[in-house]
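Down below is the structure, laid out as C-alpha cells.
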Amino acid sequence: MTEAEQSTPVHGIPCWVSLMTRDLRAAQDFYGTVLGWTFRSGTLGEGFSVAHVDALPVAGIGQIAPGLPTAVSWTPYFAVSDVDTAASRVRERGGTIAVGPIRIGPGRGAMAADREGAAFGFWEGRTPPWSFGRDSAPASLELRTSHAFDCAIFYAEVFGWASEDPGGCEVGYAYLQDAVVVRQGGRTVATLRGGGDASSPDPLLRPRWHVRFQVEDLEAVTDAARAAGGTAGPPVDSPADGSEAVIRDPDGAVFTVCAHPA
C-alpha cells in the first residue's frame, strides 16, 4: 500500500478494522486459508501487515508488542480529525481509554471502550481505502449492546454522527431490524442493536463490536476455519443480512462471517 493510495477519511466514519494477535505468521496462515487473503507489509513496521482481496485492502493484522496491554481481538477504528479531542470526549461520556493517544507510523491513534465495555479504536491520519462489501472485505460493523439508543448517543457525541457534515454519518432507526443504523454515502456501515449482557460470563454475549466479513460460501468458510484450528458456530439467521456464523481463530480472536448477497 503506497502513500498515494491512501486517503484521509471523513471524521466519524468507520475507517479500518485491525486484528492484534500474538503470532503474526500464524494469523496470516489462518486468514489466508479461511478467507483467501494475501498480505503485504504496511507502513507501521515489520510487526504489521495489510490483508488484501483482489489487490484491495480489507484489514490489518498486527503483532502485539511485549508489555502492551492489548487483548487478542478484532477492533474497528473510526476516523477522527483530532485524536486528543476524541479521547477527551470518550472520557467525558463515561468511556475509558486503554491505549494512547499515541503516534503509530504515519498517524495517531487510541484504543478505547464505551460505557458498557465494548472495545473500539479511533485514528487521526491517512488510511488505505476500506473496500466495503467486496468478497471477504468488511460488509459492516455491528455493536451488540444492552442499550442501543444510549450507545448511539455515546458514539454520536464522540464522533459527530448526525452532525450533517458533508460526507459524514447519518443515524436512523430501522423498525424491521429493531436497530439503530449508521449510514455513510447511502451504505450501512454500522448497526447498533440490543441483546448484549454486560454481566454475562460468556464473552460472546457481553457488549462488543462484531467485525463482519462477507463470504461467498458460508459452509465452506466455517469448515475451513475448523480445519485450520479455529472454531465455528452453526449458521444463524441475521435480521438484515441472512445467514451468518461466528468464528474464533486459534489465538482466540472472534469475528463474524455472513453470506454474500445473491
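Residues that are aromatic (Phe, Trp, Tyr), at least 3 per element: which strands (runs of 3 or more DSSP E) completely within the stretch 117-210 meet that? Steps first, please.
Numbers: elements: 119-124, 138-144, 170-174, 179-184, 187-193.
Strands (runs of 3 or more DSSP E) meeting the threshold: 119-124.
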Check your understanding: If you go through the stretch 82-102, how many residues are touching a strand residue (DSSP E or B) at 6+ places or on another chain (Cβ under 7 Å) and either open to solvent by less than 50 Å² (accessible area, probe 1.4 Å) or within 22 Å of GLY168 (Cα to Cα) (or both)?
Key -> 11
Review point. Which residues, counting only those in the stretch 165-184, are open to solvent by less than 20 Å² (accessible area, probe 1.4 Å) and either within 20 Å of the chain's Cα centre (by Cα) or at positive phi (or both)?
Key: GLY168, CYS169, ALA179, VAL180, VAL181, VAL182
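I'm trying to understand the selection: among the residues of the stretch 23-65, which are in a strand (DSSP E or B), open to solvent by less than 20 Å² (accessible area, probe 1.4 Å) and either farther than 20 Å from ASP217 by Cα or of a type outside the set (Val, Ile, Thr) (or both)?
SER49, VAL50, ALA51, HIS52, PRO57, ALA59, GLY60, ILE61, GLY62
Taking the stretch 203-259, which residues are charged (D, E, K, R), free of Cβ contacts under 8 Å to residues at least 60 places away in the same chain and either in contact with a Phe, Trp or Tyr (Cβ under 8 Å, 6 or more places away or on another chain) or open to solvent by 60 Å² or more (accessible area, probe 1.4 Å) (or both)? Don't jump to the end; show me each part of the working.
Restricting attention to the stretch 203-259, the residues satisfying the condition of being charged (D, E, K, R) are 206, 208, 212, 216-217, 219, 223, 226, 237, 241, 244, 248-249, 251.
Those still in the list that are free of Cβ contacts under 8 Å to residues at least 60 places away in the same chain too: 217, 219, 223, 226, 237, 244, 248.
Scanning the stretch 203-259 gives ASP217, GLU219, ASP223, ARG226, ASP237, ARG248.
The values are calculated or read from the model by the stated rules, or taken from the named source; none is laboratory data. The shown structure was predicted, so the numbers you read here are calculated from the model rather than taken from an experiment. Every residue, glycine as well, gets a Cβ built from its backbone with ideal geometry; the counts of neighbours run over all protein chains shown. Ligands, DNA and RNA are excluded from the accessible area calculation, which covers all protein heavy atoms including side chains. Shrake-Rupley method; radii C 1.70, N 1.55, O 1.52, S 1.80 Å.
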